[in-house]
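Remarks on the structure that follows.
The values are calculated or read from the model by the stated rules, or taken from the named source; none is laboratory data. Note that the structure is predicted; figures quoted are calculated from it, not measured. Please note: Cβ atoms are built from the backbone with ideal geometry, for glycine as well, and neighbour counts cover all protein chains shown. With ligands, DNA and RNA removed, areas are computed over all heavy atoms of the protein, side chains included. Shrake-Rupley method; radii C 1.70, N 1.55, O 1.52, S 1.80 Å.
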Amino acid sequence: MSTSAANEYVQSIIKSFEIDAPLLKRLTSKYIESMENGLSHSSGGKSHLPMIPTFITSLPNGTEKTDILACDLGGTSFRCLYIKLQGNSKFTTEMKKWEIPSDYLAEEGRDLPENAFFDYLANKIVNFVQYHNSNDENQELLTTKKNFNLGFTFSYPVEQTALNAGNLIRWTKGFEITSVVGKDIVELLQKSIDSKLSSVPEEKYPFTISCVALCNDTTGTLLSGAYTSTYDSQDIVDPIMSIICGTGFNIAYMEDLKSCTKLTAEQMEFISSKSVTEMCINTESGSFDNELSVLPVTPYDKIVDEESTNPGYHLFEKRISGMFLGEILRLVIVDLIDKQFLLEPKPSKKQYRHKFSLKTEVLSHIEIDDSKDLKQTELYLIESLGLRTTTEQRHFLQQITRAISRRSAYLVSVAISAIIIKSGRLDPKSPKYKYHQELEVCCDGSVVQYYPGFKSMIRHGLSLGSLGHEGERRVHISMALDGSGLGAGLAALTASK
């Protein structure tokens, strides 16, 4: 194949990933519409974002001083954390972590009774608290029965009905315990904790534990970011949303309570009695535009979706998150080999045909490779895919890599812009507006934290899109600390307010 033909085809691929200013603005308008529909409709369906109420109605401000307890079930590991909030946005953490035994995972755990797994978790929690309750620093607790409020990060699909209640929709990430599906996981955990505490004399465990808050990692990141946010007193900076952009993608933000019209009358009455005006919403942003009414679609996006475990869903996430960026580039490479624009590896080096064999970490190296003849890129392609390339071909692949990552960051900017515009915080006519207002976006996740230039590309997307340059310069993109640990503890703290 001629060089000109290869160049023309590569440029067509790059163009298919481009998102220009008009499309950014159309996507932002669609996102706002999808948010509004999700706030008034049930979480199901493709026509709107799920917009799940979290029942968290206030954010910390960094002045809090107290001890909090948290636990975090994510992937196939479990953590307990004892956190001391020291005020001035500072805290210390003691933590213990366990890998979940295979007895509770996959087919081995499928037919377990509903209490079995939560008895295991409760045993870890109680022993962890007992250890801290009996150390020298806390000797006074031995003479006074104390109650520990527990925040629980549970990173699996849940239909949350209150701050301390949520029914498991389905297991993911290796669990298949069928007896738990549809049950209130907080109720199950609390029952197991109470059973453990009542099975021994009170002298051994002179305390009680109450699971008062359930949250996911995105909600926790907003709480964590709000507590650790540090600006000078003259700065007017509000943390208004959190973003997880790593293996997956999601956003949580504070919404006007009156806009959450899908809340039941009973829920609204209870929340309103606390004299609050806002609630944190878990948008489940990965599901934006599952109808593909506005989102751009390349042939590679179609394959990624068709071969995924949930075809037709999380289509926004499949264009953004670290789980899929490497796979998109791998599919481009397969296409270029099939079109004979790249030399097919030897039969013994067929890993390029294996799904998810190209990790997003490799893209991050290609993205900023400035070595002579892109020699670093050459080594990464040989190591990860067995792919041998010319200097010109590596330059083509670097251009494509940058187009894929830029599209990801621009799509993140769409969600940020939509939430800011809907909140009215930069609109002088809105009651939420403050003079000299600036806004903080609290982030976590490997892509936004480690992918070179990702935050810069998000900012460029904000400037090109509906916020424009003036809006973009008022946005702070910062990294939050341990949303699933510190955030869970802070969620428990909100229960007492």
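Filter the stretch 154-169 for residues that are without any contact (Cβ under 8 Å) to a residue 60 or more places away in the chain and crowded, with 21+ Cβ neighbours inside 10 Å and give the result.
158, 166, listed by residue number.
So if I check each of 464, 426, 481, which one is of a type in the set (A, V, I, L, M, F, W, C), at pLDDT below 95 and in contact with a Phe, Trp or Tyr (Cβ under 8 Å, 6 or more places away or on another chain)?
When all the criteria are applied, what remains is 426.
What tally of residues in the stretch 425-448 results from selecting those that are open to solvent by 40 Å² or more (accessible area, probe 1.4 Å) and free of Cβ contacts under 8 Å to residues at least 60 places away in the same chain?
The qualifying residues number 7.
In the stretch 14-50, which residues are under 22 Å from the mean Cα position of the chain (by Cα), open to solvent by less than 10 Å² (accessible area, probe 1.4 Å) and farther than 14 Å from residue 289 by Cβ?
Correct list: 39 only.
Restrict the check to the stretch 80-92 and report whether at least one residue is aliphatic (A, V, I, L, M) and on the phi > 0 side of the Ramachandran plot.
No.
May I ask you to verify whether residue 413 is of a type in the set (Ser, Thr, Tyr) and either within 23 Å of the chain's Cα centre (by Cα) or outside any helix (DSSP H, G or I) (or both)?
yes
Would you pick out the residues in the stretch 335-353 that are open to solvent by 20 Å² or more (accessible area, probe 1.4 Å) and not acidic (Asp, Glu)?
339, 340, 341, 343, 346, 347, 348, 349, 350, 351, 353
Do we find a residue being hydrophobic (A, V, I, L, M, F, W, C), at positive phi and open to solvent by less than 60 Å² (accessible area, probe 1.4 Å) anywhere in the stretch 98-117?
Checking the stretch 98-117: at least one residue is hydrophobic (A, V, I, L, M, F, W, C), at positive phi and open to solvent by less than 60 Å² (accessible area, probe 1.4 Å).
Restricting attention to the stretch 76-97, which residues are in a loop (DSSP other than H, G, I, E, B) and surrounded by 15 or more Cβ atoms within 10 Å (Cβ to Cβ)?
76, 89
Quick one: which of 408, 417, 466, 484 is crowded, with 16+ Cβ neighbours inside 10 Å and in contact with a strand residue (DSSP E or B) (Cβ under 7 Å, 6 or more places away or on another chain)?
Answer to the check: 484.
How about the stretch 244-278: which of its residues are more than 19 Å from residue 48 (Cα to Cα) and assigned to a strand (DSSP E or B)?
244, 245, 278 - these are the residues of the stretch 244-278 that are more than 19 Å from residue 48 (Cα to Cα) and assigned to a strand (DSSP E or B).
Could you identify the single residue in 374, 331 that is farther than 30 Å from residue 415 by Cα, in a helix (DSSP H, G or I), in contact (Cβ under 8 Å) with a residue 12 or more places away in the chain and among the aliphatic types (A, V, I, L, M)?
The match here is 374.
Take the residues in the stretch 30-66 that are aliphatic (A, V, I, L, M) and assigned to a loop (DSSP other than H, G, I, E, B), then tell me which one is nearest to residue 213 (Cα to Cα).
56
Out of 417, 430, report the one residue that is out of contact with any Pro (no Cβ under 6 Å at 6 or more places or on another chain), under 21 Å from residue 285 (Cα atoms) and not aliphatic (A, V, I, L, M).
417
Look at residue 178 and say whether it is open to solvent by less than 10 Å² (accessible area, probe 1.4 Å) and more than 18 Å from residue 125 (Cα to Cα).
Here the answer is no, as residue 178 does not meet what is asked.
Quick test for you: out of 66, 76, pick the one residue that is in contact (Cβ under 8 Å) with a residue 40 or more places away in the chain and more than 22 Å from the chain's Cα centre (by Cα).
Exactly one of 66, 76 is in contact (Cβ under 8 Å) with a residue 40 or more places away in the chain and more than 22 Å from the chain's Cα centre (by Cα), namely 66.
Here is a yes/no grid of residues against (1) among the hydroxyl-bearing types (Ser, Thr, Tyr); (2) modelled with pLDDT under 90; (3) surrounded by fewer than 23 Cβ atoms within 10 Å (Cβ to Cβ):
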position: 194; (1), (2), (3): no, no, yes
position: 202; (1), (2), (3): no, yes, yes
position: 212; (1), (2), (3): no, no, yes
position: 219; (1), (2), (3): yes, no, no
position: 247; (1), (2), (3): yes, yes, yes
position: 252; (1), (2), (3): no, no, no
position: 268; (1), (2), (3): no, yes, yes
position: 289; (1), (2), (3): no, no, yes
position: 303; (1), (2), (3): no, no, yes
